[in-house]
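**Student:** Have a look at this one before I ask anything.
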Amino acid sequence: MQYGFYFDSARCTGCKTCMLACKDYKDLGADVSFRKVFDYEGGAWAMENGAWRQDAFMYHLSISCNHCGNPVCVHVCPTGAMHKDEHGLVLVDTHVCVGCGYCELSCPYGAPKVSEDTRQSTKCDGCVERILEGLDPICVRACPMRALDFGEISGFRQKASVVNSIAPMPDPVHTSPNIVIRPCPAAREPGDLTGHVANEKEV
């Protein structure tokens, strides 16, 4: 079994309720976010033949740990603290984590962080305690636009017109992220150079 997230980019308004609900539920400090919302935009206005034309675009990407099929954080962990459970979720065993930070350095999505308080790795665990009770992760439950969902990834992959990565995410070929995205019309492919993250300091 492999669980993962579904994200509908066409529905997301960038309100960041998912991010705030996660921070509140997990009691995270101001400097730690398990879920991030990227504002990605690009394009410009230009005068052509006496008329203004534009190719401007903007969209949002809500992302947390992707509980990858090939998680580099698990591969580089020297103690085995970073591991996948029976649901395919990437979790941290705090009994053996030594806070070396290799997971944080290796993850292309910036999911794991070494806590300044505990000196151990911390990250999104898919709200595993809620999953075991048959409940959705708190970010899914909180989204007012129902842009997020969570469940067996195979079901989400059967939906029409979905991908597993959009800009500003990196190329998914090395990690096989367990996220399914319904891209909005403005969405760009990973590696896109026509846009930029407009809220870089925030994420």
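**Student:** Among the residues of region 152-192, count how many are among the hydroxyl-bearing types (Ser, Thr, Tyr) and touching a His at 6+ places or on another chain (Cβ under 8 Å).
**Tutor:** Selection size over region 152-192: 0.
**Student:** A further question on this structure: Which residue pairs have Cβ atoms closer than 8 Å, lie 6 or more positions apart in sequence or on different chains, and pair a first residue in region 11-29 that is surrounded by 15 or more Cβ atoms within 10 Å (Cβ to Cβ) with a second residue that is of a type in the set (Ser, Thr, Tyr)?
**Tutor:** Listed pairs, sorted by first residue: 12/59; 12/62; 18/62; 19/33; 19/62; 22/33; 22/64; 23/33.
**Student:** If you take the residues of region 94-103 that are more than 16 Å from the chain's Cα centre (by Cα) and of a type outside the set (S, T, N, Q), which of them is surrounded by the fewest Cβ atoms within 10 Å (Cβ to Cβ)?
**Tutor:** Keep residues of region 94-103 that are more than 16 Å from the chain's Cα centre (by Cα), which gives 94-102.
Now drop any that are not of a type outside the set (S, T, N, Q), which leaves 95-102.
Values: 95: 8, 96: 14, 97: 22, 98: 14, 99: 16, 100: 17, 101: 14, 102: 20.
Out of the qualifying residues, it is 95.
**Student:** Applying the selection to region 85-117, what residues are hydroxyl-bearing (Ser, Thr, Tyr) and closer than 15 Å to residue 175 by Cβ?
**Tutor:** Of everything in region 85-117, those that are hydroxyl-bearing (Ser, Thr, Tyr) and closer than 15 Å to residue 175 by Cβ turn out to be 106, 109.
**Student:** What is the residue count in region 159-197 for residues that are surrounded by 16 or more Cβ atoms within 10 Å (Cβ to Cβ) and assigned to a loop (DSSP other than H, G, I, E, B)?
**Tutor:** Residues that pass the stated criteria total 15.
**Student:** Might you let me know whether region 169-177 holds any residue that is within 19 Å of residue 36 (Cα to Cα), β-branched (Val, Ile, Thr) and out of contact with any Cys (no Cβ under 6 Å at 6 or more places or on another chain)?
**Tutor:** The answer is no; no qualifying residue exists.
**Student:** Oh, and also: Considering only region 1-93, give the strands (runs of 3 or more DSSP E) lying wholly within it that have at least 1 residues that are within 23 Å of residue 156 (Cβ to Cβ) and acidic (Asp, Glu). If you could, list the steps in order and put the result at the bottom.
**Tutor:** Details: elements: 3-8, 36-42, 45-48, 51-54, 57-63, 82-84, 90-92.
By residue number, 3-8.
**Student:** If you go through region 16-55 one residue at a time, how many are within 28 Å of residue 191 (Cα to Cα) and either in contact with a His (Cβ under 9 Å, 6 or more places away or on another chain) or not hydrophobic (A, V, I, L, M, F, W, C) (or both)?
**Tutor:** 16
**Student:** Can I ask one more? Of the numbered conditions (1) touching a Phe, Trp or Tyr at 6+ places or on another chain (Cβ under 8 Å); (2) assigned to a loop (DSSP other than H, G, I, E, B), residue 100 satisfies every one except a single condition; which is it?
**Tutor:** In the conditions (1) touching a Phe, Trp or Tyr at 6+ places or on another chain (Cβ under 8 Å); (2) assigned to a loop (DSSP other than H, G, I, E, B), residue 100 misses (1) alone.
**Student:** Only residues that are in a strand (DSSP E or B) and either surrounded by fewer than 18 Cβ atoms within 10 Å (Cβ to Cβ) or free of Cβ contacts under 8 Å to residues at least 40 places away in the same chain (or both): list them for region 104-121, please.
**Tutor:** Across region 104-121, the qualifying residue is only 114.
**Student:** Condition first: buried (at least 20 other Cβ atoms within 10 Å of the Cβ) and part of a loop (DSSP other than H, G, I, E, B). Now tell me which residues in region 142-158 satisfy that. Talk me through it step by step, then tell me what you get.
**Tutor:** Of region 142-158, the ones buried (at least 20 other Cβ atoms within 10 Å of the Cβ) are 143, 147-148, 150, 153, 156.
Answer for region 142-158, where residues must be buried (at least 20 other Cβ atoms within 10 Å of the Cβ) and part of a loop (DSSP other than H, G, I, E, B): 143, 147.
**Student:** Could you count how many residues in region 152-188 are out of contact with any Asp or Glu (no Cβ under 6 Å at 6 or more places or on another chain) and under 18 Å from residue 12 (Cβ atoms)?
**Tutor:** Total satisfying the criteria: 20.
**Student:** Quick check: anything in region 39-53 touching a helix residue (DSSP H, G or I) at 6+ places or on another chain (Cβ under 6 Å) and either over 22 Å from residue 139 (Cβ atoms) or of a type outside the set (A, V, I, L, M, F, W, C) (or both)?
**Tutor:** The answer is no, given that none of the residues of region 39-53 is touching a helix residue (DSSP H, G or I) at 6+ places or on another chain (Cβ under 6 Å) and either over 22 Å from residue 139 (Cβ atoms) or of a type outside the set (A, V, I, L, M, F, W, C) (or both).
Read-outs: derived from the displayed coordinates by stated rules, not from any lab. Please read these numbers as outputs of a predicted model, since none were measured by experiment. FYI the Cβ positions are ideal-geometry reconstructions off the backbone, even for glycines, and counts take in every protein chain you see.
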